[in-house]
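> Take this structure first; my questions come after.
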Amino acid sequence: MTWKSVGGKERWKAALRGAPRVLFEDLTMPADPLPDMGQPGWPVWRPVFAMLLVICAAFLTVFHINEMSPVDGGGIPKYGLLGIAHGAALIAAMFRPVSGWWASTGLMVVTVRLNEPDMSGDQLFPWSISGLALQCGVLFLLALRVPPRRTAGAVVITLLAGLACALFTTTPHNYDIDRSAPVLIAAGVLGAVLRSLRVARTQLVVQAELTAGERARRTLLEERNRIARELHDVVAHHMSVISIQAQVAPHLVENPSDELRENLAGIRQNAVEALTELRHVLGVLRSEDALSQGVRHTPQPTLDRLDELVANVRGAGLTVTTATTGAPRALPPGVELSAFRIVQEALSNAMRHAPGAQVRVETAYGTTGLTVRITNTAPDAPAKPSQSMGHGLLGMRERTAMLGGELAAGATPDGGYEVTAILPVSASALATESAEETP
């Protein structure tokens, strides 16, 4: 005998020893929960099914009582209670199939043991027609809600219970185990097949939803990649040309002044920074999770860089003053980034549409958030007409609305323009920031 055969026998012995425990666990564990009405794989007419089940249970109960009752009419109350209990077990199996099946099987054994001495030799035993119908209904409802292995175990125990009842009798009977067994098995198989169809249909719907989501995500990524390519081909190209021309321009002029060199250096610096931020945006667009590895670890601009932004604008010739009220403190990243972008866009608009105007940037730290106000005076000269429709103001409104804030923009009485953004901060976020600042 080889070690392989010895190991195989040990595994078989272990499996046989553990079979009763596995079977007991299978037939005591709760069944699958009832699907919600309208859920895929479960008919929306469940209440109608429940009503039909009650009617069938009542009819079979009456029929079962008549079948169990002796010819002389004795013991009607006893058999009536047993018949009602059988019908109640069938109804209970719709909501608690495992408990309903145990109750039905136990009632079958009790009924047979009590009724067997009074039964005639012509009556079917151990299952009458109505008793078999009740037992099949319970098995069918059980098979709808438990895996096939548990259904098979229930069918086996039901048949063994019937066989045990047939072995211990006081008089000969018209045994119907050989005829009842195929009917009970068919009820279990039918319920298991319907359950498998419901599970497969549910999984198919879930898979279809996942497929649709994946298709939408892939479409979104393709569109983002297309936008990224267009931004790179158009904007990045022109910004690179501006940077190169600003770097070469001083060498094309004989004895360029310091002011010219400074302005050209500022133009080149702004172009380089714009290219850097554009690369960050392109990285986000091309990333599958909207944050590529390179961009994920790149810090976004905050209000700490506001002075740097104002200095760049001043270098371009715009007169800007700043004012801060309240105690500056760290704010949530979304608020800091939105405030910086709003100021950046407002200053860009002032440079384009209000040449020669004076601009004032005010930031006010309050107990509930941050208020940013950018105002400019009337321009000294008319602005050049825009070559395209701008989206700066729309972007400001979107950033503010995203944070649940408010934005007001419009002309001032003196001919200037004003943009005010109120960016709220929740109390929990303020508490978190304060806790992080406390050593």
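> So how do 358-367, 200-209 stack up, highest first, on mean other-Cβ count within 10 Å?
Going from most to least packed, we get 358-367, 200-209.
> Could you list which residues have their amide H under 5 Å from that of residue 319, counting only those 5 or more apart in sequence or on another chain, with H placed in the peptide plane?
359
> Additional query: If I take the Cα coordinates of region 116-246 and project them onto the principal axes, what are the three extents in Å, biggest first?
Per principal axis, max minus min of the Cα coordinates gives 114, 19, 18 Å.
> While we're here: In whole Hz and in residue order, list the ³J(HN,Hα) couplings for region 106-112 that follow from phi through the Karplus curve 6.51 cos²θ - 1.76 cosθ + 1.60, θ = phi - 60°; x for Gly and Pro.
Once rounded to whole Hz, the list reads x, 5, 4, 5, 4, 4, 5.
> Sort 211-218, 89-96 for me by packing, meaning the mean count of neighbouring Cβ atoms within 10 Å per residue, highest on top. Write out the running numbers ahead of the final one.
On the way: 211-218: 10.2, 89-96: 20.8.
Result, highest mean first: 89-96, 211-218.
> Could you please state, rounded to a whole Å, how far the C-alpha centre of region 311-351 is from the C-alpha centre of region 97-176?
Taking the Cα centre of each part, region 311-351 and region 97-176 sit 83 Å apart.
> Report the extension gain between residue 220 and residue 406 in nm, rounded to one decimal, defined as 0.36 nm multiplied by the number of residues separating them, less their alpha carbon distance. Before the final figure, lay out the partial values.
Numbers: separation 186, 0.36 × 186 = 66.96 nm, distance 2.96 nm.
Stretched fully, the residue 220-residue 406 segment lengthens by 64.0 nm.
> Something else now. Would you pull out the residues with amide H under 5 Å of residue 425's amide H, same chain only if 5 or more places away, H placed 1.01 Å from N?
369, 370
Read the figures in this text as sums done on the coordinates, not as results from a lab. Remember, it's a predicted structure, so these values are computed and weren't measured experimentally. Neighbour counts are summed over all protein chains in view; Cβ atoms, including those assigned to glycine, are modelled from backbone coordinates with ideal geometry.
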